[in-house]
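Structure record follows, encoded as structure tokens.
Rule-based calculations on the coordinates, nothing more; no lab input. Keep in mind that this is a model prediction, so the values were computed, not measured. Methodologically, a virtual Cβ is constructed for each residue, glycine included, from the backbone with ideal geometry; neighbour enumeration extends over all protein chains shown.
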Amino acid sequence: MTYNLHPIFVHFPIALLLVYSVIKILPFKKWFPKVAWRDLEVLLLFIGVTGAFLGLATGETAEHLIRPNRQLVEMHATFATLSTWLYVVLLIGEVARFVKINDHLNIKNWSLGYSTLDFIEKIFCNKTFSIVIALLALITLSVTGLLGGVITYGITADPFAPLVLSLLGISL
């Protein structure tokens, strides 16, 4: 017998990535300057992205178990994948920064490797770029959750569902 594990694995990463986005977008660093925000952001992002990939994997199984409206499920999967990869972009920047700072592989001695890491870090960790990507990721994550709620509970579970479904061209 196959079980639908998708609901078990998706909620925790959604919460972590939502909190990450809020911390990234709002000026918490100015409001609470003594908190190690970067460490918290990286931890939330790493665990959230790891969990998001588990959610994507279990979503494939769930899709075959419950068989709801095909168009709705495909749109949900598209937004889930898009939001995961937007968060991966942010994680790549943080990994590049980490590798650059903790140079255990002597990357500074590899001119191409170091310049590549430097380029990735400068672009992906740029404040404006990372805030815009975090905002886009939060929007796609929210739409993913809304569509998941519609799949599970129907169109009446969320007051924004009819509007979002209409904008996406999904008819139930």
Next on the checklist: Springs between alpha-carbon pairs under 10 angstrom, Gaussian network model over the chain: which of 15, 137, 80 fluctuates most?
Outcome noted: 15
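For the chain, count the residues as N, evaluate 2.2 N^0.38 Å, and divide the Cα radius of gyration by that value, please. Don't skip to the answer; put the middle values down first.
Details: Rg = 18.5 Å, N = 172, 2.2 N^0.38 = 15.6 Å.
Taking the Cα Rg and dividing by 2.2 N^0.38 Å, one obtains 1.19.
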Next on the checklist: Pairs of alpha-carbon atoms within less than 8 angstrom and 6+ residues apart define the contacts here; what relative contact order does the chain have, in percent?
Outcome noted: 26
Checklist entry - How would you rank 100, 34, going from fewest to most other Cβ atoms within 10 Å of each one's own Cβ? => result 34, 100
Checklist outcome for this item: Sorting 27, 123, 155 by the position of each Cα along the dipole of the chain (Lys, Arg +1; Asp, Glu -1; all at Cβ), the one nearest the positive end of that ordering is 27
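Sorting 94, 41 on the 10 Å Cβ count, fewest up front, what's the list? Let's see the in-between values first.
Numbers: 94 18, 41 21.
Ascending number of Cβ neighbours within 10 Å: 94, 41.
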Checklist outcome for this item: What the 5 Å binned alpha carbon P(r) of segment 1-60 shows, as percent of pairs per bin from 0, is 4, 19, 23, 18, 13, 10, 6, 4, 2, 1, 0
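Please arrange 70, 38 by counting, for each residue, the other beta carbons lying within 10 Å of its beta carbon, fewest first.
Working: 70 9, 38 13.
Listing 70, 38 from fewest to most nearby Cβ atoms yields 70, 38.
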Checklist outcome for this item: Relative to the chain, whose Cα atoms define the longest principal axis, helix 127-153 and its Cα axis are tilted in degrees, nearest 10, by 20
